[in-house]
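Visitor: Have a look at this one.
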Amino acid sequence: MKNFSYSRARSVDHAREAARKPGVALIAGGTSLLDLAKSAVEAPDDVIDITRLAGFDAISVDDAGATIGALAKMATVADHPDIKAQFPAIAQSLALSASAQLRNMASLGGNLMQRTRCSYFRDPANFSACNKRSPGSGCSAIGGITRNHAILGTSEQCIASYPGDLGVALTAFDAVVDLGSRKVGIDDFFLPYGAAPHLETVLQPGEIISAIFIPASKAAANSLYLKVRDRQSYEFAAASAAVGLEFEADGRTVKDIRVAIGGVASKPWRARAVERALIGKTLDERIVERASRLAVEGAVTQGDNHYKVHLAPRTIARAILTLGGLA
Amino acid sequence: MPQTIHLSLNVNGAMHECDVEPRVTLLDALRDHLHLTGTKKGCDQGQCGACTCHVDGKRVLSCLMLAAQAEGSEIATIEGLAAENGDLHPVQAAFLEHDAFQCGYCTPGQIMSAVACIREGHAGSDDEIREYMSGNLCRCGAYNSIVAAVREAAEAAR
């Protein structure tokens, strides 16, 4: 990778100031930045290490919800007893991600910012056309090998899928991303592609994620993350679902249901149509399977990713039925 | 002139001074600058686990970490695992006992990963071992023997 200067942030204000300048990259765990720098997708001139900033890795859980510092490591949060108890889908989304070594290194903030695994995006040496890397240059994936590419939230400029798990679980439970000077709901944090797939989040130059807040809810406390993939471990999702369920006092009627899906969309995807179809209903296989198919209405397939139109609803259905004790 | 920085790295309990370009990973610093070649470079992009070592007691991928980031931490590599008198670490002994390697290239990473896996408390069953060792690939396919070695070493540690 191209050489760069290395320095350590003296304070979060110093980091924010430095991050305004072009060519500056912040490094936390480094597992995304260095991977992308080795493929020359990112080529910073100056790297600023923010890991020694104190106080940004705390995890606190109370009746209102969980507040997790952006520098908290994936492994720490995945194993945290209060997160596992009150937000199991979030703990599972982390534990099912990456590998043990990567989870020890990677921060939650960096995890949200991870970039697509699209093999055209990640191969600038062989594929110069990539609207995400170079706006306006075209898309090498369309017409190519597209097994892992998105069926939801795509545009004519880009069909890359967002590969992360944590973002999906956070989206199901209306998490809020704290940028210091402002807070943004997780669904608004990630931008739809439209004509500008190179813009993935609302982060402006100089903004750094400082913490993530997940509001407490009965659905969050009764939740799970189901990740379906070719290998049993250490692989990105072919399709995944974060699901939370709350029943009425009768124990059968759905009072609250949250569904978000991953591995199939350009950003973590909240499946509100599925939720609306199941609120107030008694769950059974037929009703769940029919509702789950609503998640892929409007899907646009491209070449090899057609299977996701079937896999995503089945993943949602299995997650709901498992949570509801019907699987 | 390529810009270099001076680093003081604590590896296996000893301080090492080196001057490296900031882009140098911990893996390359260990192998090329400190001549500790026990830690292996497999994929150099965080996908195989051959470069696994410990930083402050946690298993990490040294190929996806800048050497500069490891300054101030305690770095442990395979070279530091056996005792001063040459007695093998129990995990090393278990790997020998169970013939848990063929070509040996993934082995330092497997052993460093296994030591940490056991310490983390993630080696309670074969299924758990497979899941928590999934970050270490073995192209020779010695997985069954690796799992047996980790199982035995974990039981001995309990």
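The values are calculated or read from the model by the stated rules, or taken from the named source; none is laboratory data. Remember, it's a predicted structure, so these values are computed and weren't measured experimentally. FYI the Cβ positions are ideal-geometry reconstructions off the backbone, even for glycines, and counts take in every protein chain you see.
Visitor: Can you tell me how many residues in the range B:10-66 are crowded, with 24+ Cβ neighbours inside 10 Å and over 24 Å from B:Ser134 (Cβ atoms)?
Guide: Selection size over the range B:10-66: 2.
Visitor: Go through A:Asn111, A:Asn126 for me and flag whichever is more than 29 Å from B:Gln69 (Cβ to Cβ) and modelled with pLDDT of 95 or more.
Guide: On the way: A:Asn111 fails: more than 29 Å from B:Gln69 (Cβ to Cβ).
Going through A:Asn111, A:Asn126 in turn, just one is more than 29 Å from B:Gln69 (Cβ to Cβ) and modelled with pLDDT of 95 or more: A:Asn126.
Visitor: Name the residue that is surrounded by the most Cβ atoms within 10 Å (Cβ to Cβ), counting only residues in the range A:209-218 that are over 16 Å from A:Lys73 (Cα atoms) and in contact with a helix residue (DSSP H, G or I) (Cβ under 8 Å, 6 or more places away or on another chain).
Guide: As a first pass, look at the range A:209-218 and keep what is over 16 Å from A:Lys73 (Cα atoms): A:214-218.
From what's left, in contact with a helix residue (DSSP H, G or I) (Cβ under 8 Å, 6 or more places away or on another chain): A:214, A:216.
Values: A:Ile214: 25, A:Ala216: 16.
Only one residue fits best here, namely A:Ile214.
Visitor: Which of the helices (runs of 4 or more DSSP H) contained wholly in the range A:10-110 include at least 2 residues that are within 29 Å of B:Leu137 (Cβ to Cβ), touching a Lys or Arg at 6+ places or on another chain (Cβ under 9 Å) and within 12 Å of another protein chain (Cβ to nearest Cβ)?
Guide: Values: elements: A:12-19, A:33-38, A:74-78, A:81-86, A:88-95, A:100-105.
Answer list for the range A:10-110: A:33-38, A:74-78, A:100-105.
Visitor: Same structure again: Restricting the range B:99-133 to residues that are surrounded by 20 or more Cβ atoms within 10 Å (Cβ to Cβ) and of a type outside the set (A, V, I, L, M, F, W, C), which is nearest to the other protein chains (Cβ to nearest Cβ)? Give the derivation first.
Guide: Within the range B:99-133, the subset surrounded by 20 or more Cβ atoms within 10 Å (Cβ to Cβ) is B:100-101, B:106-118, B:123, B:129, B:132-133.
Okay, now just the ones that are also of a type outside the set (A, V, I, L, M, F, W, C), so B:107-110, B:113, B:132.
On the way: B:Thr107: 16, B:Pro108: 13, B:Gly109: 9, B:Gln110: 12, B:Ser113: 7, B:Tyr132: 5 Å.
The extreme case among them is B:Tyr132.
Visitor: Anything in the range A:213-270 that is part of a strand (DSSP E or B), under 15 Å from A:Ala175 (Cβ atoms) and of a type in the set (S, T, N, Q)? List them, or say none.
Guide: The one that is part of a strand (DSSP E or B), under 15 Å from A:Ala175 (Cβ atoms) and of a type in the set (S, T, N, Q): A:Ser223.
Visitor: Mind listing whichever residues of the range A:219-233 are out of contact with any helix residue (DSSP H, G or I) (no Cβ under 7 Å at 6 or more places or on another chain) and away from chain B (no Cβ under 14 Å)?
Guide: Let us first name the residues in the range A:219-233 that are out of contact with any helix residue (DSSP H, G or I) (no Cβ under 7 Å at 6 or more places or on another chain), namely A:219, A:227, A:229-232.
A:Ala219, the sole residue that qualifies.
Visitor: Being part of a loop (DSSP other than H, G, I, E, B), charged (D, E, K, R) and touching a residue at least 12 places away in the same chain (Cβ under 8 Å): is that true of B:Asp99 here?
Guide: So B:Asp99 fits the description; yes.
Visitor: For the range B:134-158, which positions are in a helix (DSSP H, G or I), touching a residue at least 24 places away in the same chain (Cβ under 8 Å) and either more than 13 Å from chain A (Cβ to nearest Cβ) or over 23 Å from B:Lys40 (Cα atoms) (or both)?
Guide: We begin by selecting, within the range B:134-158, every residue in a helix (DSSP H, G or I); these are B:143-157.
Okay, now just the ones that are also touching a residue at least 24 places away in the same chain (Cβ under 8 Å), so B:145-146, B:148-154, B:156-157.
Once the filter is applied, which keeps residues that are in a helix (DSSP H, G or I), touching a residue at least 24 places away in the same chain (Cβ under 8 Å) and either more than 13 Å from chain A (Cβ to nearest Cβ) or over 23 Å from B:Lys40 (Cα atoms) (or both), the range B:134-158 yields B:Ser145, B:Ile146, B:Ala148, B:Ala149, B:Arg151, B:Glu152, B:Ala153, B:Ala154, B:Ala156, B:Ala157.
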